[in-house]
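The values are calculated or read from the model by the stated rules, or taken from the named source; none is laboratory data. Since this is a predicted model, take the numbers as computed values, not measurements. So basically every Cβ, Gly included, is an ideal-geometry build from the backbone, and we count neighbours across all protein chains shown. All accessible areas refer to the heavy atoms of the entire protein, side chains included, with ligands and DNA or RNA removed. Shrake-Rupley method; radii C 1.70, N 1.55, O 1.52, S 1.80 Å.
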Amino acid sequence: MIGMGFSAPLYFLFSVFLLLVIFMYFFRKQYETKNIPSVLLWQEWMNEFEAQAWWRKLQHHLLLYLQLLALCFLIVTLAQPFYNKDGLKGDHIIFIMDTSASMTAKEGEVTRLELAKKEAKEILAKVNDQHITVIHASETPEILIERSTSSKEVQNYVTDLNPTYGGANLLDSIEMAKNLLGDEEGQIHLFTDFLSKDTALDFHENTTFIAYNIGESNENLAIDTFGVGTRDNNVIGVVTIKNEGKALKGVELTIQDGDGNSLETIVDQLEAENTKTFYIEGLPLASVYKAILVTDDHYEVDNEQYAFLSSDHAASIYIHNDVHPFVRKAAEIAGEDVIHLTKDEGNNENLAGIHVLKGMPDEEWPKGPKLIFLSQNENQENVTGDITYNQSSPLFQSVELEKVHIESAISTELFEGLEVVAKSGETPLILSGMFEGTPTIIVLFDLSVSDWPLHTGFPLFIYHAIQYLSEKEALLGYYYPGQFLDIIPGTNTQKYEIINNSNNVVSIIQNLDEPIKVPFKPGLYTFKEYQESEEIERKLYVMLPDNEKTIQTEEAFTISTEGSKEGTTNAMSKKEFSHLFILLGFIVLLIEWEVYRRGISN
């Protein structure tokens, strides 16, 4: 609702000066009495004057009218006119923007992210001299702009947001917004598509929180999982498809190789809110496979997945002397060709495969992929903090490392450059990456000072570690959107390129000291390394996080001390426009000066 008013109506009392100006015109200089020979010309002029139009007669008092008008404008300016417009309560407005993959789902002809941007811009139009902050709700929340008073500047940041396809860390983003507000009166606007009102949220009494939960479409078919493997020299594919909709859906599934050749097509039906697994046997041998779900739903990014066939045959696993018995047993379960070595057995240089070792001096380490358990030495650090680990790492799928007790860890700078995938406080526990040109996993504590072998997740870790080390050199493996590559450049590496499946270069890395981030958009990419004498190409797959393979939504809700009733976020704000009357008064003064100069008045 828009209304008008005056902030200082008392100044209208100055209107008495209008009467004063008029009164002063009565005391203008009078005509002098003089003897003249005839009044004939005067009479003719009077007759002509009386015959003139009324507006012509007004010209003789134009200076008076202009002075009165200028004075009116001055009085109105002093009274400070304003109009009311819809505004927002509080001094600080915070936007939290979700750009995860599910925000690319379409609602009609536009995506949820585009609807979120539109909603944010409509709210920005209500901001009046308030501070605005924008938080990007990525996996690690990021402040894009803080405490800006320029709506246009904030709008540019909102407009430039693009899908990042990774998961959205909504709770940490909300916590960041709460810390920015403190006890200041303000609002937090969360633009997402899935935050349940049952989520445990606690806000200061001066804070109003609004979750928009954009989107209504829940009809979606998705490839939940896809993998390939070999059994009895046959390639077998396993695809799990889920139907989130409320009705029976037709399924058309196609399996292709890395060159786009169709290998198998399955046509079936899937019940509402159900999941079905398809087994495809006898696939032709290939290094890369692609599963495509042909459907017309509103969410395209979960309709295809890639899978790598690790190798043509299982790699040999060499268990060296002094390795923990539980490691030996887990390795036997994880691999088909497990060979136990003793100190006296041959030269390790000729053993091609995966090496699992402990307590061996680094100068004696064999070539090739290695899983290394360090032995206790004098460089021990007590482990006292909580254990944290990279849950997106393939090494820790279904491995609950936070429940493990570790007494001490080994401190060393030998493996500088490898990624820390598990740690206690600032103490590294497990490292992974490329070391001296080969995949390597380092466990920086002795299993004898830990209860980890007794946990059910330990054999899974050994299995995942062997799978990780078994990858071909031509395959970099699986990554999540925006994740960093664990690659250490060689001495003769000049630059890297990342090329998408359409053969377009999406990234060029020339500063080899900076970490390399994979693209955000899911898909198959070629990682090209330029060396002095050759070019090396390796494939990597940026995959959709599991929690983004759904487009389910929740109802929008508001949390505030006034409850969730409509209008708890809105307030009327005053917009003064006295500057307009100052400008008009100045223009009138210029006109008055011109009239006076030309002598139009009496």
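Kindly indicate the residue of segment 407-460 that is out of contact with any Leu (no Cβ under 9 Å at 6 or more places or on another chain) and part of a strand (DSSP E or B) and also surrounded by the fewest Cβ atoms within 10 Å (Cβ to Cβ) among those meeting that condition.
E416
Which residues, taken from segment 372-389, are of a type in the set (S, T, Y), at pLDDT below 85 and farther than 13 Å from N321 by Cα?
T384
Taking L63, is it part of a helix (DSSP H, G or I), surrounded by 13 or more Cβ atoms within 10 Å (Cβ to Cβ), at pLDDT 85 or above and not polar (S, T, N, Q)?
Here the answer is no, as L63 does not meet what is asked.
Out of the strands (runs of 3 or more DSSP E) lying entirely within segment 88-152, which hold 2 or more residues that are crowded, with 20+ Cβ neighbours inside 10 Å and either touching a residue at least 12 places away in the same chain (Cβ under 8 Å) or among the hydrophobic types (A, V, I, L, M, F, W, C) (or both)?
92-97, 131-136
Checking E244 against (1) under 16 Å from T558 (Cα atoms); (2) acidic (D, E); (3) crowded, with 16+ Cβ neighbours inside 10 Å, which test does it fail?
Looking at each condition in turn, E244 falls short on (1).
Mind listing just one residue for me: the one in segment 112-132 that is of a type in the set (V, I, T) and modelled with pLDDT under 95 and, of those, nearest to G585 (Cα to Cα)?
Selected residue: V127.
So, of the residues in segment 461-500 that are open to solvent by 50 Å² or more (accessible area, probe 1.4 Å) and charged (D, E, K, R), which turns out to be nearest to I372 (Cα to Cα)?
E471
Need pairs with beta-carbon distance below 8 Å; first residue within 16 Å of E419 (Cβ to Cβ) and within segment 395-406, second assigned to a loop (DSSP other than H, G, I, E, B); sequence gap 6+ or separate chains.
Listed pairs, sorted by first residue: F396/N390.
If a residue has to be surrounded by 21 or more Cβ atoms within 10 Å (Cβ to Cβ) and farther than 15 Å from T111 by Cα to count, how many in segment 192-208 make the cut?
Final tally of qualifying residues: 3.
Does T265 satisfy the condition of being open to solvent by 60 Å² or more (accessible area, probe 1.4 Å) and part of a strand (DSSP E or B)?
yes
So which of Y468, Y463 ends up being outside any strand (DSSP E or B), touching a residue at least 40 places away in the same chain (Cβ under 8 Å), in contact with a strand residue (DSSP E or B) (Cβ under 9 Å, 6 or more places away or on another chain) and closer than 19 Å to H355 by Cβ?
Exactly one residue qualifies, and that residue is Y468.
Only residues in segment 506-519 that are within 17 Å of L544 (Cβ to Cβ) count as the first member; pair them with residues that are open to solvent by 30 Å² or more (accessible area, probe 1.4 Å) and hydroxyl-bearing (S, T, Y), Cβ under 7 angstrom, at least 6 apart or cross-chain, and list the lot.
Within 7 Å, the pairs are P519/S507.
Is there a residue being farther than 30 Å from D337 by Cα and assigned to a strand (DSSP E or B) anywhere in segment 472-488?
Yes, segment 472-488 contains at least one residue that is farther than 30 Å from D337 by Cα and assigned to a strand (DSSP E or B).
What's the number of the condition P369 fails, among (1) of a type outside the set (A, V, I, L, M); (2) over 28 Å from the mean Cα position of the chain (by Cα); (3) at pLDDT 85 or above?
Of the numbered conditions (1) of a type outside the set (A, V, I, L, M); (2) over 28 Å from the mean Cα position of the chain (by Cα); (3) at pLDDT 85 or above, the odd one out for P369 is (3).
Does S392 count as farther than 26 Å from A307 by Cα and either open to solvent by 10 Å² or more (accessible area, probe 1.4 Å) or in contact (Cβ under 8 Å) with a residue 12 or more places away in the chain (or both)?
Spelling it out, it is not the case that S392 is farther than 26 Å from A307 by Cα and either open to solvent by 10 Å² or more (accessible area, probe 1.4 Å) or in contact (Cβ under 8 Å) with a residue 12 or more places away in the chain (or both).
Kindly evaluate K117 against the criterion of being within 30 Å of D296 (Cα to Cα) and of a type in the set (K, R).
Considered against the rule, which asks whether it is within 30 Å of D296 (Cα to Cα) and of a type in the set (K, R), K117 comes out as yes.
Starting from residues that are surrounded by 17 or more Cβ atoms within 10 Å (Cβ to Cβ) and not charged (D, E, K, R), keep the ones in segment 247-262 and report whichever is modelled with the lowest pLDDT.
V251
For segment 159-259, which strands (runs of 3 or more DSSP E) that fit wholly inside it have 1 or more residues that are touching a residue at least 60 places away in the same chain (Cβ under 8 Å)?
Because the criterion is at least 1 residues that are touching a residue at least 60 places away in the same chain (Cβ under 8 Å), the strands (runs of 3 or more DSSP E) in segment 159-259 that meet it are 186-191, 207-211, 221-231, 234-243.
Restricting the search to segment 515-562, which residues are assigned to a loop (DSSP other than H, G, I, E, B), of a type in the set (K, R) and open to solvent by 30 Å² or more (accessible area, probe 1.4 Å)?
Across segment 515-562, the qualifying residue is only K521.
For L221, state whether it is closer than 30 Å to E244 by Cβ, buried (at least 16 other Cβ atoms within 10 Å of the Cβ) and more than 22 Å from the chain's Cα centre (by Cα).
yes
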